[in-house]
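Below: the structure, in structure tokens.
The values are calculated or read from the model by the stated rules, or taken from the named source; none is laboratory data. This is a predicted model, so every value here is computed, not measured. Neighbour counts are summed over all protein chains in view; Cβ atoms, including those assigned to glycine, are modelled from backbone coordinates with ideal geometry.
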């Protein structure tokens, strides 16, 4: 069932026996049922945030424009409500929380870890470091015990930019020959260990390696290169992993055997000042965030999706690129992933095209995670049959898959779009997409005399690579085992952006006009808003949310929901891992 726009229905029913008022509101696409919910055991209904929040800043004293203050909670959330469907007025605080978090997490910082001014942040100097880069890398905390020591040493040489050392390690020398020469001290003392300032390599480069999604698929952009992924966490999450011995498989096994639950902190148990805000602004009055020690945010995890920028893009401003948030990266390719059979280290400029920002907060039902997901505006167009995120009552959401842009299904089959009436996207009108390049229908040769298409559009879009994907020694990098170029992925967006979130995006884009941040949009914010059950999943609202860069090929499936998918997460010791796959590393 999809509810039409502008249908507003207010029903109030009073029960004399229970004294409970049950109200249902239909607003836009969604309904809110503020019915008192049964409180989960040991769940606090606390709604208090750490500080007063403005529209563009989590600190009301700085709310005249976006700021680097990280929000710690959503004060407007009411844990006594069952949010069966979520309306714009209920979603707005969560979307504001997401935008404030995204801006604060990508805010440029000096080498001393201090946030620059708002004006400097709008067009940052390339030498500044974004806040997220000061977080802890996943591989610095979660260890794979069975990783090849020679590979680890080569990876460390790549990360440090020691190309001569890297070539010496990998230039025709087998892992077997190196095995006895590498000590654990070599690995632990490598540059993969966290630097004192948390940035990583001394020259500010990021190390990228992962190019497989959680499903095992690879995503290839329109330039023929793999999309790359990295995961980081804040100190609250890293401290929890270290304190409980969850960084190793043996530690995770012991933890599971002891019967202890994995439960990341909802708020740090210590108080401290945020060094990023020291001297942030002289024009605004001193704020509580600057002068008073506050409990820090709870566990925060981020996952970033990067594309290698072609020369015509990378040659522009290396800090923001005018279109992308960019970083200089060293890409490590293991011998097993290289078509030549030798490890490789490549230096490239990469542009951010997707981000999951996951934060555990005090407010909320269920397990209290807030899932914010952002994308670049030019990633891909909407599918011809894109659905609203409340379409959960349908038994089969996408029986024929997701269609090409503008394609509609009629009584005679799939009708291909007329060029003049088939807009590619309702979010942006880019000259080219990052992850879609079909200017004309690939089904032209299969079109029947009646003007209908005989083939299903799902055959052409959102399809993963089923053969072994390897790296070539030169771009475009995506090749098969024979060294033949793999075709670029052709993605369409199966889910529309919730209309309330579109309004929030428009408000932030107007505020950020001219800044690189305006080239990103909030796909949505998902949170546990009810007790779940069919057809309400695990209680996540809005019901469906996926990031095109990370759930590329499962958008049309029931597991294509962020919190729904992560509710199944287990550690590699087999126990529930609190909505994160972080504790099940691939060795």
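Among residues of the range 256-268 that are within 18 Å of residue 568 (Cα to Cα), those with a beta-carbon under 6 Å from a residue that is in a loop (DSSP other than H, G, I, E, B) at least six positions away or on a different chain give the pairs 256/573; 256/575; 262/577; 262/578; 263/578; 264/299; 264/578.
Does residue 124 fit the bill of being buried (at least 21 other Cβ atoms within 10 Å of the Cβ), farther than 20 Å from residue 510 by Cβ and under 21 Å from the mean Cα position of the chain (by Cα)? Taking the combined requirement at face value, the residue does not satisfy it. Among the residues of the range 70-104, those identified as within 20 Å of the chain's Cα centre (by Cα) and part of a loop (DSSP other than H, G, I, E, B) are 70, 71, 72, 73, 74. Considering only the range 561-571, I want to know if a residue exists there that is in contact with a helix residue (DSSP H, G or I) (Cβ under 9 Å, 6 or more places away or on another chain), farther than 22 Å from residue 374 by Cα and crowded, with 17+ Cβ neighbours inside 10 Å. So far as the range 561-571 goes, yes, one or more of its residues are in contact with a helix residue (DSSP H, G or I) (Cβ under 9 Å, 6 or more places away or on another chain), farther than 22 Å from residue 374 by Cα and crowded, with 17+ Cβ neighbours inside 10 Å. Does the range 465-474 include one or more residues that are modelled with pLDDT under 95 and touching a strand residue (DSSP E or B) at 6+ places or on another chain (Cβ under 6 Å)? No - not one qualifying residue is present in the range 465-474.
The residue that is modelled with the highest pLDDT, among those in the range 150-182 that are out of contact with any strand residue (DSSP E or B) (no Cβ under 8 Å at 6 or more places or on another chain) and not in a helix (DSSP H, G or I), is 162.
What do you reckon, is residue 499 closer than 29 Å to residue 387 by Cβ and crowded, with 23+ Cβ neighbours inside 10 Å? When the stated conditions are applied, residue 499 does not pass them. For the range 371-396, a residue qualifies if it is at pLDDT 80 or above, assigned to a loop (DSSP other than H, G, I, E, B) and under 27 Å from residue 98 (Cα atoms), and the qualifying residues are 377, 378, 379, 380, 381, 388, 389.
Here 519, 530, 480 are screened, and the one residue that is crowded, with 21+ Cβ neighbours inside 10 Å and modelled with pLDDT of 90 or more is 519. Filtering the range 540-555 to residues that are touching a helix residue (DSSP H, G or I) at 6+ places or on another chain (Cβ under 8 Å) and part of a loop (DSSP other than H, G, I, E, B) leaves 542, 544, 545, 546, 547, 551, 554. Out of the residues in the range 305-357 that are part of a helix (DSSP H, G or I) and in contact with a strand residue (DSSP E or B) (Cβ under 8 Å, 6 or more places away or on another chain), which is modelled with the lowest pLDDT? The extreme case among them is 314.
Here is a yes/no grid of residues against (1) touching a residue at least 24 places away in the same chain (Cβ under 8 Å); (2) in contact with a helix residue (DSSP H, G or I) (Cβ under 7 Å, 6 or more places away or on another chain):
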| position | (1), (2) |
| --- | --- |
| 468 | no, no |
| 479 | yes, no |
| 485 | yes, no |
| 490 | yes, no |
| 493 | yes, no |
| 496 | yes, no |
| 500 | yes, yes |
| 526 | yes, yes |
| 529 | yes, no |
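Determine whether residue 443 is surrounded by fewer than 21 Cβ atoms within 10 Å (Cβ to Cβ), modelled with pLDDT under 95, closer than 30 Å to residue 212 by Cα and in contact with a helix residue (DSSP H, G or I) (Cβ under 8 Å, 6 or more places away or on another chain). Yes, satisfied. Only one of the numbered conditions (1) in contact with a helix residue (DSSP H, G or I) (Cβ under 9 Å, 6 or more places away or on another chain); (2) modelled with pLDDT under 85; (3) part of a loop (DSSP other than H, G, I, E, B); (4) surrounded by fewer than 21 Cβ atoms within 10 Å (Cβ to Cβ) is not met by residue 61, and that is (3).
Taken over the range 268-293, the criterion of being at pLDDT 65 or above and crowded, with 19+ Cβ neighbours inside 10 Å is satisfied by 274, 276, 277, 280. Of note, residue 542 satisfies the criterion of being in contact (Cβ under 8 Å) with a residue 12 or more places away in the chain and either crowded, with 23+ Cβ neighbours inside 10 Å or closer than 26 Å to residue 211 by Cβ (or both).
The residues of the range 556-569 that are within 16 Å of residue 391 (Cα to Cα), at pLDDT below 85 and either in a helix (DSSP H, G or I) or in contact with a strand residue (DSSP E or B) (Cβ under 9 Å, 6 or more places away or on another chain) (or both), listed by number, are 558, 559, 560, 561, 562, 564.
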